[in-house]
Amino acid sequence: MSGSKPQTGQGPPPFEPSIEHLASLSESIQASLAQYSSASNPAEKASALKAIQATSSKLSLATTPIPRRFNEILLRPYLNVTLRLVFEISLLETIPSNSPITIEEAASKVNTSEEFIFRLIRVLGAFEILEVLYPEEPNFGLISFSHTPTSRFLLSPLAKASFRHHFETMLPAQLGSVPGYYHKYGFKCPEDHKNVPFTFAHGTVDEGFFDILVKDADKLAIFNNAMAVMAVLGLTSLGSMYAFDQLVPNQDGIALVDIGGGKGQMLKAIQAAYPGMRGKLVLEDLKVVLDGGVVVDDDVVKIPYDFFKEVQPIKGSNYFLKSIFHDWPDKACLQILSNIAQAMRGHPLSKLLICELVLPDQYPEPMMAMRDINMLLIGGQERNLFQWNALLTQAGFKILKVHGVGGENSSIIEVVLNE
Ligand SMILES: C[S@@+](CC[C@H](N)C(=O)[O-])C[C@H]1O[C@@H](n2cnc3c(N)ncnc32)[C@H](O)[C@@H]1O
C-alpha cells in the first residue's frame, strides 16, 4: 500500500520541563516563603503571599502537559455552570456553618435527587470550593460535605450579586455577540459606544449598555446591586489610599462630587473613613438610578446628571469617578472628560480623582487581562498606565500621582487640568 504511513505508536514527545526552570521557580517560592514568615506587618505578608501565589501558578503551568492544559481551558466554563446550578437550588445555604451535611440530608432540604447533588459537589470538591468526605463504601447518600472559606464567601451578597450580573447579563451577551458582531463590524475594538457587542446581542441598534439596562428594571437592579457590593472589595484600603480630608471645598462648600456614583456606596465609605471631612458631598447619577434608592444619608446632596448630555453643574469642586471610564471607549471618555473640564477651568485647586484598575504596562496577571475582555463586550476597556496617560493628555489633563498602584483592586489616579 502506498501513501503516508499511519502514525500508530507515535505519541506526543515526552513532556519533560527543564530541571533548571523548575528549580528556579521552586527557589523563588522558597524565598517568598521566607519573606512571608519574617514579614513584620500585614502589607509585607500580603506581598509575600502574592509572590508565592504568582510563582506557584507558574510552577503549576510549567508542570502541566499541554493536552491537560487544553482540557482545563476547554472545561473551565463548566465550573461556572456547576456553580450556577448550586446557586439556583440554594445548595450552599443547606450546609451548617461549622459541621458537614450528608448528601441525603441536603437532597431532602433542596428537594432534588442524591445523584444530582453528588454530581455538583464532586466538581466543587475537586476545586476545593467545598470539602467533600467520601465514605469507604460507595454510597451517594452518605457522602458528606462542608464549607471552606471560599464557599462561605460565595454565600455573601457580594458573590451572589456579581454572579447573577455575570451569568444573566454579561455571559449570555458575550456568547450571543461572538462572532456575529465582529464579522459584521470588523475584528477591532468598538469605537462607537452605541454599537457594541452588547447592543448586537440584544438585537437593537444605536443603544449602549446603560441604555439597554435602564429599560430592563430587573437587569438594572442586578447591575446596581452588583456594583454596590463589588465596591466593598478593597474599600478598606481605598479609604486610606487617598487623603480625602485634604480636599479643598469649592466656593459653595462642596468638597467632592461622585459622578456616576450609583447608590452612593463609595461616598458612604469615604464618610466612614474620614468622619471629620470638610465640606459637602454630592452624589450624581442617572435619575433612574437615584430613584432606585441610595445608601447615603440625607446630608449627601443627590443630583440627577447625565455625563454625556450636560456640562458638570457643580463648578470648581473635586470630582470622583469610580469604575466609570472602563465602561466606555476612548471617544466617549473624551466627551465625559470634556464636560468635567469645563467645570474645572479657572479653578486651580480643582481635582479629578479617577478610581479604576490600572493594569501593569507589561505582563499582567491572567485575571487582570480577562477583566479587560469582560469590558470589551460593552465597548469599554481596562487601561494600563500608558493608556491612561494618553487618554488624559488628549483630554487636556495631567496625572499628578497614582495612589495604590500595583494592587488587584482599583487605584486612585489624581489628575488636574493642564492649564
Ligand atoms: C460601573 S458603575 C459604577 C458605579 C459606582 N461609581 C461604583 O464604582 O460603585 C457605572 C455607573 O455609571 C452610571 N452611568 C451610566 N451612564 C451614565 C450617564 N450617562 N450619566 C451619569 N451616570 C451614568 C451608571 O448608572 C452606574 O451607576
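The values are calculated or read from the model by the stated rules, or taken from the named source; none is laboratory data. Being a predicted model, the structure only gives us computed values, none of them experimental. Cβ coordinates were reconstructed from backbone atoms using ideal geometry, including for glycine residues, and neighbour counts include every protein chain displayed. Side chains are part of the model used for accessible areas, which takes the heavy atoms of the whole protein and leaves out ligands, DNA and RNA. Shrake-Rupley method; radii C 1.70, N 1.55, O 1.52, S 1.80 Å.
Between L290, V257, P313, the Cα set farthest toward the positive side of the dipole of the range 245-383 (charges on each charged residue's Cβ, about the Cα centre) is that of P313.
Estimated from helical segments only, the mean residue ellipticity of the chain at 222 nm is -13500 deg cm²/dmol, where each DSSP H run of four or more residues counts as -39500 (n - 2.57). Past the 24 angstrom mark, what percentage of all C-alpha to C-alpha distances in the range 49-202 do you count? Above the 24 Å cut-off, the range 49-202 has 52 percent of its Cα pairs. Checking the cross-link filter: which lysines have an alpha carbon closer than 23 Å to that of K50, excluding same-chain neighbours under 8 positions apart? Within the straight-line limit of under 23 Å, K50 reaches these lysines: K58. The count of lysine pairs in the range 157-226 whose Cα atoms are under 27 Å apart, excluding pairs fewer than 8 places apart on the same chain, comes to 7.
Across every pair of non-identical alpha carbons in the chain, the mean reciprocal distance, once inverted, gives a Kirkwood radius of 24.7 Å. Geometric descriptor of the range 231-417, per residue, is 111 Å³ (volume of the convex hull of the Cα atoms). Give the lysines whose C-alpha is closer than 21 Å to that of K401, dropping any in the same chain fewer than 8 places away, or say none. Straight-distance partners of K401: K322, K351. For the chain, the longest principal axis of the alpha carbon atoms and the long axis of helix 77-88 meet at an angle near 80°. Round to the nearest 10 and give me the degree value, 0 to 90, for the angle of helix 114-126's Cα axis relative to the longest principal axis of the chain. Its long axis makes an angle of about 70 degrees.
This model, with +1 at the C-beta of Lys and Arg and -1 at the C-beta of Asp and Glu, gives the chain a dipole about its Cα centre of some 660 debye. Using the alpha-carbon atoms, what tilt in degrees (0 to 90, nearest 10) does helix 42-62 show relative to the longest principal axis of the chain? For 42-62 against the chain, the angle is about 50 degrees. Rolling a 1.4 Å probe over the protein heavy atoms gives the chain an accessible area of 54 Å² per residue. Percent of C-alpha pairs per 5 Å bin in the range 1-111, short distances first: 2, 9, 10, 10, 9, 10, 14, 13, 10, 6, 3, 2, 1, 1, 0. Name the shape class, rounded, prolate or oblate, that the alpha-carbon gyration tensor gives for the range 23-63, where a ≥ b ≥ c are the square roots of its eigenvalues, rounded holds for a/c under 1.5, and otherwise prolate holds if a/b is larger than b/c and oblate otherwise. Note, shape of the range 23-63 comes out oblate.
Note on the chain: dipole from Cβ charges, positive end direction compared against G125, I95, I29; the farthest Cα belongs to I29. In the range 372-419, the alpha-carbon atoms span a convex hull of 83 Å³ per residue.
Since only G380, C333, A46 are under comparison, the one whose Cα sits farthest along the positive direction of the charge dipole of the chain, derived from C-beta charges on Lys, Arg, Asp and Glu, is C333.
With a ≥ b ≥ c taken as the square roots of the eigenvalues of the C-alpha gyration tensor of the range 77-154, please select rounded if a/c is under 1.5 and otherwise prolate if a/b is larger than b/c or oblate if it is not? It comes out rounded by the Cα gyration axes.
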